[in-house]
Every structure is written in structure tokens, then in C-alpha cells.
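Visitor: Following this message is one structure expressed as C-alpha cells.
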Amino acid sequence: MIDGQSNKPSERAGGQHGCCPPPLPPPAAQRQSELVVARAVDVKVTDDELTVQLEDGRTLAVPLVWYPRLLHGTKRERARWRLIGRGVGIHWPSLDEDISVEGLLAGRRSGESQQSLKRWFDTRTSTRPNKRMQPTARRARRG
């Protein structure tokens, strides 16, 4: 030992082998990019609940009142959904509704304004056919 320094590598300053300090943890941006993205694989909508199955086995269930367009949609409209972005979101074409899995995990409700929702209601009532209308009479086939 000369001047209080050891000749043994394990006793020198600078880490286990004396060559370099221990590695620093990765920056926050790098750690965030390593996170696994949650993806939906199945969706069920009842009269009062939206349930989403994730590929990792988790099941998310949220009240349907969080999403007024789904709440006011018909059973048929609610049943017509498709996954978007390889499962990072769900789209209902006839309701013009998109919900992200990330938003569901964060507990986010629909952010749609009352004014926007009212416009949507107005277009639905003006474009829906009147179910009470009688079908037109069919002409007899000519033989």
C-alpha cells in the first residue's frame, strides 16, 4: 500500500473492479418507453356497464354513465365495436365513440361537452327513421 491506496483492484475506489463507477439508472423517458402497453382483446357492453378484457388477463369494468353515447345507444349499436391501434382503443362507428384503454385504466370519463352531446342527440333524432311508419304495399308479381 502506497500513500494509503491499496494495490488490490477490489479495494480501489471506483467500483468492483476499479475501472468505472456503478451504472446510473436509465433516464425517465427510457424507463417510460419500457412500459408495457395495455391492449384490449374483448369488449362487452350491458345496459349499465362497459367491460373490457385486456390481453394480460385483467378485466376493466366501468359504469356506462361515464360514456353518454354508449349509454344512449341501442343494444345493436353498442354491440358493433372494433379494436383500434392493435387494441389500444375501442371504436363504435355508429355512435362515433372512441375510448382508449389508457383512459379506462386512468379512470377517465368521457370528456365530451354538453353542447357537443346535444348536437349528437339532435342529429340522431333527425336521421333516425320513424319506426311507426307502415311499410309500403308490395306489388303482386307478374307471372
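Visitor: Could you tell me whether the range 47-70 includes any residue that is assigned to a loop (DSSP other than H, G, I, E, B), in contact with a Gly (Cβ under 9 Å, 6 or more places away or on another chain), over 17 Å from residue 109 (Cβ atoms) and modelled with pLDDT of 95 or more?
Guide: For the range 47-70, residues assigned to a loop (DSSP other than H, G, I, E, B), in contact with a Gly (Cβ under 9 Å, 6 or more places away or on another chain), over 17 Å from residue 109 (Cβ atoms) and modelled with pLDDT of 95 or more: present.
Visitor: Looking at the range 71-103 only, could you name the residues that are more than 14 Å from residue 124 (Cβ to Cβ) and either part of a strand (DSSP E or B) or hydroxyl-bearing (Ser, Thr, Tyr) (or both)?
Guide: Passing the criteria: 82, 83, 84, 89, 90, 91, 98, 99, 100.
Visitor: Looking at 71, 95, 64 in this structure, which one is touching a strand residue (DSSP E or B) at 6+ places or on another chain (Cβ under 8 Å) and either surrounded by 13 or more Cβ atoms within 10 Å (Cβ to Cβ) or aromatic (Phe, Trp, Tyr) (or both)? If you could, list the steps in order and put the result at the bottom.
Guide: Values: 71 fails: touching a strand residue (DSSP E or B) at 6+ places or on another chain (Cβ under 8 Å); 95 fails: touching a strand residue (DSSP E or B) at 6+ places or on another chain (Cβ under 8 Å).
Being touching a strand residue (DSSP E or B) at 6+ places or on another chain (Cβ under 8 Å) and either surrounded by 13 or more Cβ atoms within 10 Å (Cβ to Cβ) or aromatic (Phe, Trp, Tyr) (or both) holds for just one of 71, 95, 64, which is 64.
Visitor: Could you count how many residues in the range 101-121 are hydrophobic (A, V, I, L, M, F, W, C), closer than 16 Å to residue 53 by Cα and either touching a Lys or Arg at 6+ places or on another chain (Cβ under 8 Å) or in contact (Cβ under 8 Å) with a residue 60 or more places away in the chain (or both)? Can you show your working first?
Guide: Looking only at the range 101-121, we keep the residues that are hydrophobic (A, V, I, L, M, F, W, C), and these are 101, 104-106, 117, 120-121.
So of that shortlist, the ones also closer than 16 Å to residue 53 by Cα come out as 101, 104-106.
If we keep only those that are either touching a Lys or Arg at 6+ places or on another chain (Cβ under 8 Å) or in contact (Cβ under 8 Å) with a residue 60 or more places away in the chain (or both) too, we end up with 101, 105.
Residues that pass the stated criteria total 2.
Visitor: Now for a separate question. Would you pick out the residues in the range 104-142 that are assigned to a helix (DSSP H, G or I) and either at pLDDT below 60 or among the β-branched types (Val, Ile, Thr) (or both)?
Guide: Residues of the range 104-142 that are assigned to a helix (DSSP H, G or I), as a first pass: 104-106, 114-127.
Scanning the range 104-142 gives 123, 125, 127.
The values are calculated or read from the model by the stated rules, or taken from the named source; none is laboratory data. Remember, predicted model here, so these are calculated numbers, not experimental data. So basically every Cβ, Gly included, is an ideal-geometry build from the backbone, and we count neighbours across all protein chains shown.
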